[in-house]
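See structure below.
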Amino acid sequence: MSGPQQGTRVGRWIGALWDSGTAASGGAWREHALPSGAMHLVIRLDDVPLRIRAGDAAGGGTALRGAMVAGVRDRWMLREGAAPTRSLGAMIDPAACRALFGVDADVLAGQHVPLEDLLGARARALADAVADAPDAAARRGLLGRFLRDALRAPPAPAMPLRDALHGAGSIGAAVRASGYSHRGYIARFRRETGLAPQDWRRLRRLNDALVRLRDARHGDLAQLAHDGGWSDQSHFGRDFRRFAGTTPDDYRRRAPHSPHHLPMPAAPPGSIPF
């Protein structure tokens with residue numbers, strides 16, 4: 001299973017449109033989908049069900065079909081299918097969640113919600129138009145126009161809470177610099193990002209670590225942990241396993257083509273309960 005193919009940015013709030021592909025050989029596939037800090041709007045382009053499961057959850061997971069909104073997550077998720085599948089989608093800054101879907105980012109955090117539950121007839125019209133589009137370029141054009149139209153009354157400028165926290169020595173320092181009370185800062189941060197400040201900062205550091213793990217110049221994990229702000233390599237390893245469902249060494253060995261889509265051995269034939 002290959003990851004999303006990046007397309008053109010759609011303004012300040014939409015990182016990229018993408019059109020996913022699957023392995024040419026076909027058959028069952030499985031991957032760990034790693035969190036990036038973005039939300040995703042995904043429209044399934046076929047009837048092949050996709051099963052998802054939070055990495056630390058038990059049970060068979062949930063089968064997804066149709067158009068969905070995926071909220072921000074701070075840990076990996078299992079994605080698998082019994083056959084190749086295709087999807088159209090967009091990466092979305094969570095600060096635009098209310099303007100697009102009518103709720104704050106923390107309401108959708110960690111969830112997959114049918115787009116129709118959020119937008120009703122507008123979601124059905126978009127799905128019908130995408131299904132009738134002649135090719136991938138036309139589908140991306142439809143989705144881009146839909147998002148631009150929804151953001152004609154754009155969100156208020158993103159509060160500088162995220163950047164302030166990234167540069168602050170502590171969350172307390174970021175709170176003091178913001179001018180909000182501690183409780184007010186946490187609440188507004190969650191509404192904008194879908195995460196608590198400490199979880200957002202950890203996620204950003206782990207995504208920075210992905211860049212270093214994919215760069216051959218950063219071979220020493222102890223140094224990488226130190227540079228990333230972890231107390232030691234063990235601390236980094238624990239955080240990374242929670243984030244990715246595997247170790248930094250295993251991630252590097254698998255060398256995923258797309259940094260947030262880590263291929264894993266497929267489940268045995270007939271074991272995916274669709």
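The values are calculated or read from the model by the stated rules, or taken from the named source; none is laboratory data. Because the structure is a prediction, the values reported are computed rather than measured. Neighbour counts are summed over all protein chains in view; Cβ atoms, including those assigned to glycine, are modelled from backbone coordinates with ideal geometry.
At-a-glance table
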read-out	value
Only one of Arg202, Arg241 that is surrounded by 12 or more Cβ atoms within 10 Å (Cβ to Cβ) and touching a residue at least 40 places away in the same chain (Cβ under 8 Å)	Arg202
Single match in Leu161, Leu165 (criterion: touching a Ser or Thr at 6+ places or on another chain (Cβ under 7 Å) and more than 30 Å from Ala67 (Cα to Cα))	Leu161
For His112: the one exception among (1) surrounded by fewer than 20 Cβ atoms within 10 Å (Cβ to Cβ); (2) touching a Cys at 6+ places or on another chain (Cβ under 8 Å)	(2)
Every pair of residues 6+ apart whose Cβ atoms lie under 8 Å, when the first sits in the stretch 170-182 and is without any contact (Cβ under 8 Å) to a residue 40 or more places away in the chain and closer than 21 Å to Gly229 by Cα while the second is aliphatic (A, V, I, L, M) and not in a loop (DSSP other than H, G, I, E, B)	Ile171/Leu165; Ala174/Leu161; Ala174/Ala164; Ala174/Leu165
Members of the stretch 40-67 that are over 12 Å from Thr85 (Cβ atoms), surrounded by 15 or more Cβ atoms within 10 Å (Cβ to Cβ) and at pLDDT below 85	Gly55, Gly61
Those residues of the stretch 244-258 which are assigned to a helix (DSSP H, G or I) and within 16 Å of the chain's Cα centre (by Cα), in sequence order	Ala244
Count of residues meeting criterion [out of contact with any Gly (no Cβ under 8 Å at 6 or more places or on another chain), surrounded by fewer than 18 Cβ atoms within 10 Å (Cβ to Cβ) and at pLDDT 70 or above] in the stretch 3-29	3
Scope the stretch 247-256; condition in contact with a helix residue (DSSP H, G or I) (Cβ under 8 Å, 6 or more places away or on another chain) and surrounded by 13 or more Cβ atoms within 10 Å (Cβ to Cβ); matching residues	Thr247, Pro248, Tyr251, Arg252
Matching entry among Gly194, Gly219 (being in contact with a strand residue (DSSP E or B) (Cβ under 8 Å, 6 or more places away or on another chain) and either outside the structural domain of Ala70 (by TED's automatic domain parsing) or polar (S, T, N, Q) (or both))	Gly194
Hits in the stretch 191-229 - residues which are under 27 Å from Ala95 (Cα atoms), in contact with a helix residue (DSSP H, G or I) (Cβ under 8 Å, 6 or more places away or on another chain) and of a type in the set (Asp, Glu)	Glu192
Which listed residue, of Gly120, Gly102, Gly179, is exposed (fewer than 12 other Cβ atoms within 10 Å of the Cβ), at positive phi, at pLDDT below 95 and outside the structural domain of Arg241 (by TED's automatic domain parsing)	Gly102
Residue list for the stretch 186-238, filter: farther than 27 Å from Arg253 by Cα and of a type in the set (S, T, N, Q)	Thr193, Gln198
Hey, Gly37 of a type in the set (Gly, Ala, Ser), in contact with a helix residue (DSSP H, G or I) (Cβ under 7 Å, 6 or more places away or on another chain) and surrounded by 16 or more Cβ atoms within 10 Å (Cβ to Cβ) or not	yes
